[in-house]
Amino acid sequence: MSQGQFSTGRDVSLDFITAAGPLRIPGLKDFSSKQDVQEKKIKLINGQTRHQRFFDGWSGSFEAERMNSAIDDYFASLEENYFAGLPETPITITETIQEPDGSVTQWRYEDVLLKLDDAGKWAGDSTISQKLSFVASRRRKVA
């Protein structure tokens, strides 16, 4: 829930849509994303410097407390498909933000590939935190 004029982490929800249907991640703790760009500095013959920017997709990461086998199952199926010679099908991530003024903003990350950076450390009297990252071709505003 937003605090006054400011968004907080409670204002966002994520939906992961795979070719097999929704990937439900109930223990999502955080999410971050950033625009990836390539920048080129161009030095003209007259000594002036110009800059060019090339948009290069999006990337980000998230962390979840393991509450079921959904993440493990998803990556196990990707690995099985890889060794069976099947191509990986990208997913989409829809980010829904409840804005402080009550409106809703939605962003859709397209052509997403997920990577399991850390499947978790198992230890007595401790929860299991799983870390994932992603790359996406585009982020489009859908609402």
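Tabulated data
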read-out: Only listed residue being buried (at least 16 other Cβ atoms within 10 Å of the Cβ) and either under 13 Å from the mean Cα position of the chain (by Cα) or not β-branched (Val, Ile, Thr) (or both), chosen from 55, 31, 6; value: 31
read-out: Flag for residue 83 being on the phi < 0 side of the Ramachandran plot and in contact with a strand residue (DSSP E or B) (Cβ under 6 Å, 6 or more places away or on another chain); value: no
read-out: Count of segment 28-47 residues which are within 21 Å of residue 106 (Cα to Cα) and in contact with an Asp or Glu (Cβ under 9 Å, 6 or more places away or on another chain); value: 7
read-out: Filter result (within 22 Å of residue 13 (Cα to Cα) and either in contact with an Asp or Glu (Cβ under 7 Å, 6 or more places away or on another chain) or polar (S, T, N, Q) (or both)) within segment 73-92; value: 90, 92
read-out: Close pairs (6 angstrom Cβ cut-off, 6 or more residues apart or separate chains): touching a residue at least 12 places away in the same chain (Cβ under 8 Å) in segment 88-107, exposed (fewer than 14 other Cβ atoms within 10 Å of the Cβ) and assigned to a loop (DSSP other than H, G, I, E, B) anywhere; value: 89/19; 100/5; 105/99; 106/142; 106/143
read-out: Filtered residues of segment 67-87 (kept if touching a residue at least 40 places away in the same chain (Cβ under 8 Å) and in a loop (DSSP other than H, G, I, E, B)); value: 67, 68
read-out: First in segment 50-66 and in contact (Cβ under 8 Å) with a residue 12 or more places away in the chain and assigned to a strand (DSSP E or B), second anywhere and exposed (fewer than 10 other Cβ atoms within 10 Å of the Cβ) and small (Gly, Ala, Ser), Cβ under 7 Å, 6 or more apart; value: none
read-out: Hey, residue 108 closer than 16 Å to residue 12 by Cβ and among the basic types (Lys, Arg) or not; value: yes
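Computed from the coordinates by the stated procedures, all read-outs in this text should not be read as laboratory data. Since the model is a prediction, treat every value here as computed from it, not as a measurement. Note: ideal-geometry Cβ built from the backbone for every residue, glycine included; neighbour counts use all protein chains shown.
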